[in-house]
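I have placed the structure first, in the form of structure tokens, so that the comments after it can refer back to it.
The values are calculated or read from the model by the stated rules, or taken from the named source; none is laboratory data. What you see is a predicted model, and the numbers here were worked out from it, not measured in a lab. Cβ: placed from backbone, ideal geometry, glycine included. Neighbour counts: every protein chain shown. Surface areas here come from the heavy atoms of the whole protein model, side chains and all, with no ligands, DNA or RNA. Shrake-Rupley method; radii C 1.70, N 1.55, O 1.52, S 1.80 Å.
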Amino acid sequence: MLMTASLLCGLVFGAGLLISGMVQPTKVLAFLDIFGAWDPSLAIVMIAALTVSIPGFMLAKRRSRPLFAAKSLWPTKSKIDQPLILGATLFGIGWGLVGLCPGPALESLATLSPRLFVFVASMSGGMLLESIWRRSRPLPQRERDLANVADG
Amino acid sequence: MAHFTPISAAIGGGLIGLSAVMLMLLTGRIAGISGIFGGVLDFSGDDKGWRIAFIAGLILAPLIAGVMGHQMPSPGMPASWSIIIIAGLLVGFGTRLGGGCTSGHGICGVARLSSRSVAATAIFMLAAIATVAITRHVFGV
């Protein structure tokens, strides 16, 4: 049931990206281009998503456990640290260069576009490099365990 | 604001939020795509099944839409292969280092009212806006 539920959630997420037009990098870049012909659609996508997810998460937090798993894995980190700031900056630059973030990039593999395959391969390479780099740093075990927990 | 599409944006955004809430209520997981995909790539990581299922759903969505007669338009990508590769590396490295992307921080994290995610979202938005401003309006790409 965990797998079926997860597949269904992926389908709904994909439908959302598709309907909102956010799978199209040119539409994302039009939102980011505030000094050009600005298209505020992405802001509406965010507001609509939050309108559903804020009350939805409040409800989820009140439940003792999810339907098909033993417990809810809420992110535990709260400190705004250096990796967060540096990581978000690097991601923002990459996002601004092409207009693709991980969700639309993976979904767009369905178009079989060679450029998308190269982007996803590079993105995977970047993720692997980050995990190698993180493992190579001399950190106390406790901090290392904490560093492995993603926010999302 | 020539191509502003508020209605489809609101419907699509609502579905993205719904998916995040469903994933939490049903499986107890956060719908952060970089975290989900990064966990599939991680050598040591277990718990891969639900991650692969979610990504399969994500890729199946446009295929199902295509069968229903709504062909997904081909994504507009830069001509330069080196820009595509550099951007991919930055997106992969940055989202993992920063602990999330547009979905994990921008939607799920902000919805949890996490100050970390609000900060990350503000930073990657500003960095992306600055990048577009420089590439389009300074270098005129």
(request) Please state which one of A:GLY56, A:GLY103 is in a helix (DSSP H, G or I) and in contact (Cβ under 8 Å) with a residue 24 or more places away in the chain. (result) A:GLY103
(request) Give the residue, chosen from B:ILE36, B:ILE55, that is open to solvent by less than 30 Å² (accessible area, probe 1.4 Å), more than 8 Å from chain A (Cβ to nearest Cβ) and in contact with a helix residue (DSSP H, G or I) (Cβ under 8 Å, 6 or more places away or on another chain). (result) B:ILE36
(message) Is it the case, given these coordinates, that A:ILE93 is β-branched (Val, Ile, Thr), within 7 Å of chain B (Cβ to nearest Cβ), in a helix (DSSP H, G or I) and surrounded by fewer than 22 Cβ atoms within 10 Å (Cβ to Cβ)?
(response) yes
(request) Could you please find all residues in region B:31-59 being under 12 Å from A:GLY10 (Cα atoms) and not in a helix (DSSP H, G or I)? (result) B:ALA31, B:GLY32
(request) State the number of residues belonging to region A:66-76 that are within 7 Å of another protein chain (Cβ to nearest Cβ) and either without any contact (Cβ under 8 Å) to a residue 12 or more places away in the chain or open to solvent by less than 20 Å² (accessible area, probe 1.4 Å) (or both). (result) 4
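Yes/no matrix, rows are residues, columns are (1) facing chain A (nearest Cβ under 7 Å); (2) touching a residue at least 60 places away in the same chain (Cβ under 8 Å); (3) open to solvent by less than 10 Å² (accessible area, probe 1.4 Å); (4) among the basic types (Lys, Arg):
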{"residue": "B:LEU15", "(1), (2), (3), (4)": "yes, no, no, no"}
{"residue": "B:ALA20", "(1), (2), (3), (4)": "yes, yes, yes, no"}
{"residue": "B:LEU41", "(1), (2), (3), (4)": "yes, no, no, no"}
{"residue": "B:HIS70", "(1), (2), (3), (4)": "no, no, no, no"}
{"residue": "B:GLY76", "(1), (2), (3), (4)": "yes, no, no, no"}
{"residue": "B:ALA79", "(1), (2), (3), (4)": "no, no, no, no"}
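In region B:84-113, what residues are outside any helix (DSSP H, G or I) and either facing chain A (nearest Cβ under 7 Å) or open to solvent by less than 10 Å² (accessible area, probe 1.4 Å) (or both)?
If we filter region B:84-113 for residues that are outside any helix (DSSP H, G or I), which is where we start, we get B:98-101, B:112-113.
Listed by number, the residues that qualify are B:GLY98, B:GLY99, B:GLY100, B:CYS101, B:ARG112.
With the structure loaded, tell me whether A:LEU84 is open to solvent by less than 40 Å² (accessible area, probe 1.4 Å), under 19 Å from B:ALA120 (Cα atoms) and modelled with pLDDT of 95 or more or whether it fails that test.
Details: open to solvent by less than 40 Å² (accessible area, probe 1.4 Å): yes; under 19 Å from B:ALA120 (Cα atoms): yes; modelled with pLDDT of 95 or more: yes.
So A:LEU84 passes the test.
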(request) Return yes or no: is A:PRO83 within 15 Å of the chain's Cα centre (by Cα) and facing chain B (nearest Cβ under 7 Å)? (result) no
(message) Every residue in region A:36-65 that is open to solvent by less than 70 Å² (accessible area, probe 1.4 Å), farther than 13 Å from B:LEU18 by Cβ and of a type outside the set (Val, Ile, Thr), please.
(response) A:GLY36, A:ASP39, A:PRO40, A:SER41, A:LEU42, A:ALA43, A:MET46
